[in-house]
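Enquirer: Structure provided below as structure tokens; questions to follow.
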Amino acid sequence: MPSYQQELRTDENNCASDERYWWAFLVSSVITFLICIISVCIYRLLGYIFCHAWKPVVVIEASKPSSPVVPLPPGKPTPLSPVPEAEEVTWMTEAKDWAGELISGQTVTGRILVVLVFVLSIASLVIYFIDASQAQKPVESCESWTDNTNAQVDLAFNIFFLIHFCIRFIAANDKIWFLLEVYSFIDYFTIPPSLVAIYLNRNWLGLRFLRALRLMTVPDILQYLNVLKTSASIQITQLASTFMSVWLTGAGIIHLVSMCFVPRSSFKLETIYWFKMIQTWSSHLQYMQIYITYKQR
């Protein structure tokens, strides 16, 4: 039974525990994705219209017979042909070059940024594990953001991820394909819900487990640090990182569905199921590693 202070606090925050607003978190992610896609399409359409509307018409005249070349007397300098002026570099080109150098793995700054994004993604995933491991805490809880330390830290991480998303968007050559990348969808389903949680005074586990897909960048990071040098080690690391990321993502989906539809009394049975699944998939991973090593020989 909730205490009087808890009931009073719920009334002050205008948050009813029996209501569910999971749809608001999902709608915020979908709207963010649609706004990005529509904005890029409108920008391309306007650019196409104005470029073709103001494009000058080039009239090709008939070629005149060229005059014979008269040799110059010795000692006289040869006239130089006019050099075409270089195209003006716009501020958008400069911003794109700056963003490309900033996230490039060939520079020291780019490597530091890649490693920092990976570390913060894993830290955000750990916060999700902490929140999901609390047996008495439902998937969606009525909790004030000012009193939730984990939510505050996770919001700080998401602000950094938002800045990184903007930098990658500026540096992308094809904006549409960038918006359809896997890592872009990770940001869609993690950054907007953290902002909606502040407005609704709610905490929703949701799709925060998608941060586990960042584990697929482990081979690139280890190559930047000169840890992986052979093709066999790179392939095994790619296999292990892909398996772990997909496995943790699938586990997050199963956990989200089970916590929404499975009663609390079966929590112990669910924990036993998780351990069995870990053992099964670990044995499969070892088999795949041995098979790859045998094939390379």
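Derivation of every value follows stated rules applied to the coordinates shown; laboratory data play no part. The model shown is predicted, which means the values in this text are computed figures rather than measured ones. Note that we place each Cβ from the backbone using ideal geometry, even for glycine, and neighbour counts take in every protein chain shown.
Enquirer: Along the Cα→Cβ direction, 7 angstrom out, place labels at Tyr43 and Lys96. What is the inter-label distance in nm?
Expert: The two pseudo-label positions are separated by 1.0 nm.
Enquirer: Also, I was wondering about something else. Between Arg202 and residues 5 or more places away or on another chain, which pairs have amide H atoms under 5 Å apart, with H built 1.01 Å from N, and which residues are they?
Expert: Placed amide hydrogens put Glu143 under 5 Å from Arg202.
Enquirer: May I ask you to compute the full-extension gain from Ser141 to Phe50, defined as 0.36 nm times their residue separation minus their alpha-carbon distance, rounded to one decimal in nm? Walk me through the intermediate numbers first.
Expert: Details: separation 91, 0.36 × 91 = 32.76 nm, distance 5.05 nm.
27.7 nm is the gain from fully extending Ser141 to Phe50.
Enquirer: Hey, another quick one. Val227 to Val126: FRET efficiency via 1/(1 + (r/R0)^6), r the Cβ-Cβ distance, R0 30 Å, to the nearest 0.05? Each step should come with its number before you reach the end.
Expert: Values: r = 22 Å, r/R0 = 0.75.
Efficiency at R0 = 30 Å is approximately 0.85.
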